[in-house]
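Before any comments, here is the structure.
The values are calculated or read from the model by the stated rules, or taken from the named source; none is laboratory data. Here the structure is a predicted model, which means the values were calculated and not measured. Positions of Cβ are backbone-derived with ideal geometry, glycine not excepted, and every protein chain shown enters the neighbour counts. Heads up: the accessible areas ignore ligands, DNA and RNA and are worked out on the full protein's heavy atoms, side chains in. Shrake-Rupley method; radii C 1.70, N 1.55, O 1.52, S 1.80 Å.
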Amino acid sequence: MSDYYPTMTTERAYDVIIVGGGPAGLTAGLYSARAGLSTLLIEKGVIGGQVANAELVENYPGFPDGISGWDLGQLMHRQSIKYGLKTHNAEVKGIEVKERLKLVKTTEGEFLAKAVILAGGSELAKLGVAGEERLIGRGVSYCATCDGPLFRDKVVCVVGGGDAAVTEALFLSRFVSKVFVIHRRSELRASKILQERAFAEPKIEFIWNTVVQAIAGDDEVSGVELLNVKTGERSTLKVSGVFIYIGLRPNTNYLKGIVPLDDGGLIVTNGRMETGVPGIFAAGDIRRDSARQAITAAGDGATAALSAERFIRGQE
Ligand code: NAP
């Protein structure tokens, strides 16, 4: 150990540092800590990652009645800390490769590790239209589970046509009087089972071939300005809430020039979750070829931790 970390105290030096506390990072933490490696997980937000916002996860094996995303994250965390995983709340700002070690720079100081697993996932994409930023928390939301109950008996819209948009529209239909789903094409990207449920829900109405050009409102959202991309027709739809689910953007800005990224900013890995930089691995939504499911992220995390262990043992 001392050869590896000449200048760091043990609280700042680990075998493995994991960046991100979603299913990928937590599973990597479980495998790494359970393998006897000193392991630190650094998370800037809440433990659980994106899935912690999901009201109900129905496709994580082992939970035949489903489980809330929040509970899933908490259970994973409990299981990993039982084997000695340490967690630290900070944002990682950069990583420097220092011969055999990696220096992880965070808002709360620097840490050293023999191996790093990048599992920072992704963030919900922004529409980038007028009114969006200004009205966040005043009708614009990216979390139906958190904010849905505030819109009881009101009319809201969801923007997007993927699994997230449809899942959250179904969730919102429990509270609101009406949900418009605004999608830029005439066909959903969401899985068939979700589509069928949404088409059968009388409170959900689809607005096809349409994009949101602006979100209107002074102190609170009052409506959305729409453009039909097929006919060119413009219209205004009165809504109190706008829930935006138009996909994910990887959290990799700080990794440019450190590990290979694809054009979309996703980390390129092989099947062993190796990034091409010895000792740096990636797992979950942050990597290219991820299926972007909680269960595949967890699988990636396990693979990355096994690879990190093999890498460290090989160095010793
Ligand atoms: P997604 O699958 O990438 O879908 C994004 C949707 O937003 C697409 O319908 C896309 O339209 C639309 N879109 C993208 N950019 C847009 C823009 N600028 N303006 C208007 N619409 C835009 O993203 P997601 O639904 O967030 O899901 C992400 C991943 O998580 C997926 O792999 C999904 O399967 C997974 N997920 C799974 C579940 C579940 O299993 N229950 C729940 C949530 C998420 P186009 O279709 O025209 O491209």
Next item on the list: Any cysteines in the chain with zero other Cys Cβ atoms under 4.7 Å from their Cβ? List them, or say none.
Entry: Cys157
Checklist line | Relative contact order [Cα under 8 Å, 6+ residues apart], region 94-225, whole percent | finding: 21
Notebook entry, point to check: Taking the mean number of other Cβ atoms within 10 Å as a proxy for protection, how do you rank 190-196, 223-229 from highest to lowest?
Noted result: 223-229, 190-196
Note to self: Can you tell me which lysines have their Cα less than 19 Å from the Cα of Lys105? Leave out same-chain residues fewer than eight positions away.
What the structure shows: Lys44, Lys86, Lys93, Lys114, Lys256
Check: When the chain is treated as a GNM, springs tying every alpha-carbon pair under 10 Å, which of Tyr245, Tyr60, Tyr142 comes out with the largest mean-square fluctuation?
Finding: Tyr60
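Accessible area per residue of the chain at 1.4 Å probe, in Å²?
On a per-residue basis, the chain sits at 47 Å².
Based solely on its DSSP helices, what 222 nm [θ] is calculated for the chain when runs of n ≥ 4 H residues each add -39,500 (n - 2.57) and the sum is averaged over all residues, nearest 500 deg cm²/dmol?
-6500 deg cm²/dmol
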Next item on the list: Working from Cα positions, state the angle (0 to 90°, nearest 10) between the long axis of helix 69-81 and the longest principal axis of the chain.
Entry: 10
Item checked: Solvent-accessible area of Ile81 with every protein chain in place, 1.4 Å probe, in Å² to the nearest 10 -> 80
Notebook entry, point to check: Taking all protein chains as present, what is the carbon and sulfur share of the accessible area of region 145-200, in % to the nearest whole number, probe 1.4 Å?
Noted result: 52
Checklist line | Whole-Å distance, taken between Cα centres, linking region 286-314 and region 211-229 | finding: 41
Item checked: Reachable lysines, given that their alpha-carbon falls under 17 Å from the alpha-carbon of Lys154 and they are not under 8 places away in the same chain -> Lys178, Lys203, Lys238
Next item on the list: From largest accessible area down, sort Lys178, Lys256; use a 1.4 Å probe on the protein chains.
Entry: Lys256, Lys178
Check: Considering only DSSP beta bridges whose two residues both sit in the chain, what percent are antiparallel, to the nearest 5?
Finding: 45
Margin query: Between Arg174 and Lys238, what is 0.36 nm times their sequence separation minus the Cα-Cα distance? Round to one decimal in nm.
Written below: 21.1 nm
Checklist line | Other-chain or far-sequence residues with amide H under 5 Å of Val158's (modelled H) | finding: Phe180, Val181, Ile182, Phe243
Next item on the list: Quote the accessible area belonging to Cys146 in square angstrom, nearest 10, computed with a 1.4 Å probe and with ligands, DNA and RNA left uncounted.
Entry: 80
Check: Using a cut-off of 16 Å between alpha-carbon atoms, which aspartates and glutamates can reach Lys98, once sequence neighbours fewer than 8 places away in the same chain are excluded?
Finding: Asp3, Asp15, Glu110
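With contacts defined as alpha carbon pairs under 8 Å and 6 or more residues apart, what's the relative contact order of the chain in percent? Display every interim value, and only then the final one.
Numbers: 738 pairs, mean separation 63.3, N = 316.
Relative CO of the chain lands at 20 percent.
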Check: Taking the Cα centre of the chain as origin and charging only Cβ (+1 Lys, Arg; -1 Asp, Glu), how large is the dipole, in debye to the nearest 20?
Finding: 260
Next item on the list: Find which of Gly271, Ile215, Gly284 sits farthest along the positive direction of the dipole of the chain, computed with +1 on the beta-carbon of Lys and Arg, -1 on that of Asp and Glu, about the Cα centre.
Entry: Gly271
Next item on the list: Measure off 7 Å from each Cα along the Cα-to-Cβ vector at Gln195 and Asp153, then give the distance between these two points in nanometres to one decimal.
Entry: 3.6
